[in-house]
Amino acid sequence: MDEPLFVIPLWADLTAVGLGGIQGALFASGFRGQRRLDFLGVAIIGVVLGMGGGLIRDLLLNTTPVTLQSNWYLLTATVAALVGMLLSGVFARLNAVIVGLDALSMGLFGAFGTSKALALGLPVVPAVFVGVCAAVGGGILRDMLMGVPIAIMHVGSLYAVAAGVGCSALAVVHALGANLVIAAIIGIAVTAVIRLLAVIFDISLPEQRALYRRKVAVETTGIPIIKT
Amino acid sequence: MDEPLFVIPLWADLTAVGLGGIQGALFASGFRGQRRLDFLGVAIIGVVLGMGGGLIRDLLLNTTPVTLQSNWYLLTATVAALVGMLLSGVFARLNAVIVGLDALSMGLFGAFGTSKALALGLPVVPAVFVGVCAAVGGGILRDMLMGVPIAIMHVGSLYAVAAGVGCSALAVVHALGANLVIAAIIGIAVTAVIRLLAVIFDISLPEQRALYRRKVAVETTGIPIIKT
Amino acid sequence: MDEPLFVIPLWADLTAVGLGGIQGALFASGFRGQRRLDFLGVAIIGVVLGMGGGLIRDLLLNTTPVTLQSNWYLLTATVAALVGMLLSGVFARLNAVIVGLDALSMGLFGAFGTSKALALGLPVVPAVFVGVCAAVGGGILRDMLMGVPIAIMHVGSLYAVAAGVGCSALAVVHALGANLVIAAIIGIAVTAVIRLLAVIFDISLPEQRALYRRKVAVETTGIPIIKT
């Protein structure tokens, strides 16, 4: 390890938390499902997106969650969620803002996850895995809490791909000898750019098709008849 | 820290586990959704509500789960779940019992979470957060496993608010110099009373409304068209 | 503890990861719900089923996740998921293969979970609990991510029962003085055989019925009117 005492600077960490919090509240405010979210529900989603990435990272690394060692993380996430709620009317016309914040905060959480994992001595592959989980984990929690299909699982997402390529770029650049900070900046940029391009050009992965076409009888509930 | 060796007494911990287990099984027994739960499903929900709060607390604190260090926790949760199943016919007419058990066990899990976090040296804000997660976490897991909308996310719950105010009261009283045990008792009482009053008077939070009214086109699936 | 330095051999661990990965991808490939999974979604489910059991075990035991200490786990899970996707056309006609792989990988994850817990000094009951969580946890994550009802919660599963009896058999045989390796082999066999017999003979648990019959008014959404 060339960074034995790797610490993500507090301002950078809080930036990710704040962007996640605003974005989460904006997303949840726009939600008009069968059951509306109340104020608290929107705030919870904001806090989950602000705090989720760091908590998942530290759980996977079995380290004490750094987001719970200071009052600032939760205060930042909460204030950001409130700001997101207040501004949701304005930003609804600026969809680009939501997408941009999302791409950036995903890049930040992914880069912090992978670089902390590398600094703790994890091999490259699991370090990238931790970064991807940190980047997409908040969104998975959000979708579970809101009761909507998990975004990264379905056609048209390209969510996890952006995080995976960005975190891999970080790991490769670091393995080639670059400083972890520079590697992290490259990783953040790669993730955010891929994500933005995917949205702008509406790129998605091909739907999964079995190698051999076949008919699958499906229950009306949408569960395959394959027994498990 | 004025309580360097803070330990929740086993009898108090097992009381919370037992109340949670009974309440979970009562709730799950009353469930008549598209797909019924079998015996095992009801028992699982009971165990999840009995064990969930403590497990979530210890995961967030990165301490060895105390609920897995002794046979008593799981035995208590399982027996409580069975008792809940057997008594579900009786208690169905006594809805107040379910609500009362729920309010009390939520107060216990919240107070144990916040006081353990404070004893471990966490700052006030994350200590309250850990308590709230411990108080409402079991219910979130229950709703996810049962496939119903997450209760704390929707209009009319006031669930997390009760836990948040109770855990905050605990932290404030403790910060003012009170013994952690006394602070915990006050926290439990505050949470339980708020929760009961909310049910009795049918209080709920105002639905989240955007600052500026606007029309949002929504897919039939209920997911906003905001791309993420 | 008679096995102070208990370590699951890498080849055995990777076998469980690989079987889980193949089985997960086969299952997800057969899925034809409202929203199809894309390539990535199928791969994610494979990785979740390959990695989930070990991660859940190590989270509950508060030990550093062994699956993230080497590149091999994720590489094995990913390759296995790809193999599962490629072979899904062939195996669709061989439902028995999916069920068999599932029974075997469940047995492996359960046995590794319980034996690691025993080796770390946990009492018998929580050790069995950790094994059951490791055995069924991957499937729960799968169902949550795919947005289908959680399999172990519903009539006809007998899923958790197989894991519970197998892990209990392991613990009993070990308590009687047998070597942990032999106990683990017995536990794996018991879990797999019960699971296979349950599928072959279509055995299920009786539906949960309240001791006293009663009418429960149910909302159209399927949520009981019991307030929580």
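Numbers below:
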{"quantity": "Some residue of the stretch B:3-21 being farther than 16 Å from B:Ala134 by Cβ, modelled with pLDDT of 85 or more and within 10 Å of chain C (Cβ to nearest Cβ)", "calculated": "no"}
{"quantity": "Lone unmet requirement of (1) under 22 Å from B:Ala163 (Cβ atoms); (2) out of contact with any Phe, Trp or Tyr (no Cβ under 8 Å at 6 or more places or on another chain); (3) touching a residue at least 60 places away in the same chain (Cβ under 8 Å); (4) surrounded by 24 or more Cβ atoms within 10 Å (Cβ to Cβ) for B:Lys116", "calculated": "(2)"}
{"quantity": "Filtered residues of the stretch C:85-97 (kept if without any contact (Cβ under 8 Å) to a residue 60 or more places away in the chain and more than 9 Å from chain A (Cβ to nearest Cβ))", "calculated": "C:Leu94, C:Ala96"}
{"quantity": "Within the stretch A:39-84, tally of residues that are in a helix (DSSP H, G or I) and within 7 Å of another protein chain (Cβ to nearest Cβ)", "calculated": "11"}
{"quantity": "Only one of A:Ala117, A:Ala192 that is more than 14 Å from the chain's Cα centre (by Cα) and either at pLDDT 95 or above or part of a helix (DSSP H, G or I) (or both)", "calculated": "A:Ala117"}
{"quantity": "Residue match in the stretch B:121-129 (condition: crowded, with 24+ Cβ neighbours inside 10 Å and more than 9 Å from chain A (Cβ to nearest Cβ))", "calculated": "no"}
{"quantity": "Hey, B:Gly100 away from chain C (no Cβ under 11 Å) and either surrounded by fewer than 21 Cβ atoms within 10 Å (Cβ to Cβ) or not in a helix (DSSP H, G or I) (or both) or not", "calculated": "yes"}
{"quantity": "Residue under evaluation B:Ala169, criteria (1) at the interface with another protein chain (Cβ under 10 Å from one of its Cβ atoms); (2) in contact (Cβ under 8 Å) with a residue 12 or more places away in the chain, criterion not met", "calculated": "(1)"}
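The values are calculated or read from the model by the stated rules, or taken from the named source; none is laboratory data. As the structure is a prediction and not an experimental result, all values here were calculated from the model. Note that each Cβ is placed from the backbone with ideal geometry, even for glycine, and that neighbours are counted across all protein chains shown.
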